[in-house]
Amino acid sequence: MHANSARPPHTRSRRARHLLAASLAAALLPFTPTPAAAAETATDATSAQVTEQVTADRCPWGYLTSATVFFGRGADSGVPNRDLGDGCTIMDTVWAEAPFANHGSFVSLVSRLANELRQTAILTPEESSSIVRAAADSEIGKPQPATGTRAVPDERIGLVLYTVRATMPTAPDATLAALAACGYRNAEPSGAVNNFYGKTATALAPLVADAGLSAPSIGIGLGDLRNNIDGVIANAKAFGAKYVRISGSASWKLNDYAEVAATLNAVGARLKQEGITVAYHNHGFEFTAQDGTRGYDVLVRETDPNLVAMELDLYWASSVGADPVDLITQYPGRFSLFHVKDMAADGSFADVGEGTIDFARIFAYSEMAGTDYYFTENDSPRPDGVSSACDSYANLRALRY
């Protein structure tokens, strides 16, 4: 049972990745690293002083040792995701065997591996038991049928305000009031620090609240995270947001994805101290393989699930053949936010429930995904943003899964 067969070897060093993460973390102090992360940094720093040799990592685009062995929300073992000797970690080895036919086969595999690692003293008996218990508590391998009896909780439905971007700069009060009138309780503003549709966060946040809406998530830029973390925190707190999310670039190479993952881990630790979680929102380009590896997989595997969430855009993933259900079963517990966006038969945007995406099938996996909020969106709304948004809300409320 070995992860090497699952992905090709690369020449990037494990030590280089850890030092990158450490340098980013230092730049974003104060925050307290986890004991596992601190141990990794100390070990790598010592190794760097002793030798300049770079150790080849056979799983360079795999799970990092700074995180824990994690099988989804409520199934975190708390055990460090240890390197097994060649850059492949416990999580790499487990997921090399995916997909799993059923929950029992998954738990059996994890039990065998945990026992092997206990016998070789890589894990203590207590750690081995914790990993097996987490596997048993997970949703991995369990059937998730769409029974047609469940509804998305109304308090978890929101709108990405990009849908109404045409009227937000000139008529924010009327736009927000209209959204609340048709039923929305939540909104996700997007922009940059102190520039949301031409307004600062402190100017727009009261308008959102006055309309009876909450803003549990806001969209900002990667540059904001890297260069103005205090501004990000202040803006999130002005809105009362629990999440701040960014998007990426179609020009990124695998090294860029790895560097962004390190940034997300570092700022994620800083934001966590403030009760905020950083999230990554996908388009379609992240799923294009480079040297046999997708950038999206780098982002998920090289970020700590306790610090970084994913905001899964269902339209963009589907548009390039990335099945949201496959992503959820591969990365349980990572998808705190959904962008619920539908696709017309010709591939263009459609109001939710009026296109081709089978949301009932996807939402049946919401518990496994760990989803907190469902934000509707239409990038090209017709006849206007508010009408489109309200149609999507009504259709989502009527959906049963």
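From the helices alone, meaning DSSP H stretches of at least four residues, give me the mean residue ellipticity at 222 nm for the chain, per-run term -39500 (n - 2.57), in deg cm²/dmol to the nearest 500. Walk me through the intermediate numbers first.
Numbers: 16 runs with 165 residues, N = 401.
Here the helix-only value at 222 nm equals -12000 deg cm²/dmol.
Annotation for the stretch 87-166 versus the stretch 329-364: alpha-carbon center distance of 21 Å. Apolar share of the accessible surface for the chain: 51 percent from carbon plus sulfur atoms, 1.4 Å probe.
Under the shape rule built on the C-alpha gyration tensor, where the axes satisfy a ≥ b ≥ c, the stretch 116-162 is prolate, since a/c reaches at least 1.5 and a/b is greater than b/c. Mean-square fluctuations from a GNM of the chain, with a 10 angstrom spring cutoff on Cα atoms, peak among T89, T356, T65 at T356.
So, for the stretch 275-318, what is the accessible surface per residue at a probe of 1.4 Å, expressed in square angstrom? Walk me through the intermediate numbers first.
Details: 1000 Å² over 44 residues.
Value returned for the stretch 275-318: 23 Å² of accessible area per residue.
Where does helix 14-27 land angle-wise versus the long Cα axis of the chain, in degrees 0 to 90, nearest 10? For 14-27 against the chain, the angle is about 50 degrees.
Between F375, F71, F285, the residue with the greatest mean-square fluctuation in the GNM of the chain (Cα pairs under 10 Å linked by springs) is F285.
What does the accessible area per residue of the stretch 112-209 come to in Å², with a 1.4 Å probe and no ligands, DNA or RNA counted? Mind dumping the intermediate values first?
Working: 4450 Å² over 98 residues.
Heavy-atom SASA per residue in the stretch 112-209 reads 45 Å².
For E97, no residue has an amide H sitting under 5 Å from its own, ignoring neighbours fewer than 5 places away on the same chain, with H placed 1.01 Å from N. Between A209 and A151, the simple label model (points 7 Å from Cα in the Cβ direction) yields a spacing of 3.0 nm. DSSP bridge analysis restricted to the chain gives an antiparallel fraction near 25%, rounded to the nearest 5. For an R0 of 56 angstrom, estimate the FRET efficiency from the Cβ-Cβ distance between E116 and V320 and round to the nearest 0.05. Computed FRET efficiency for E116 and V320: 0.90. Relative to the dominant Cα principal axis of the chain, helix 125-137 is inclined by about 30°. Remark: relative contact order (the chain) = 18 percent; criterion is Cα-Cα distance under 8 angstrom and separation of 6 or more residues. When the chain is treated as a GNM with alpha-carbon contacts under 10 Å, the residue of G385, G104, G85 showing the greatest mean-square fluctuation is G85. Between N102 and A174, the modelled labels are 6.0 nm apart [label points 7 Å from Cα along Cα→Cβ].
Kirkwood hydrodynamic radius, the stretch 183-328, all distinct C-alpha pairs: what's the number in Å?
Working: mean 1/r = 0.0633 Å⁻¹.
One decimal place: 15.8 Å for the Kirkwood radius.
If you line up the long axis of helix 385-398 against the longest principal axis of the chain, both from Cα atoms, how many degrees apart are they, to the nearest 10? Tilt relative to the chain: about 70 degrees. The percentage of C-alpha pairs in the chain whose separation is greater than 42 Å is 13%.
The values are calculated or read from the model by the stated rules, or taken from the named source; none is laboratory data. This is a predicted model, so every value here is computed, not measured. Please note: Cβ atoms are built from the backbone with ideal geometry, for glycine as well, and neighbour counts cover all protein chains shown. Side chains included, ligands, DNA and RNA excluded: accessible areas come from the protein's heavy atoms. Shrake-Rupley method; radii C 1.70, N 1.55, O 1.52, S 1.80 Å.
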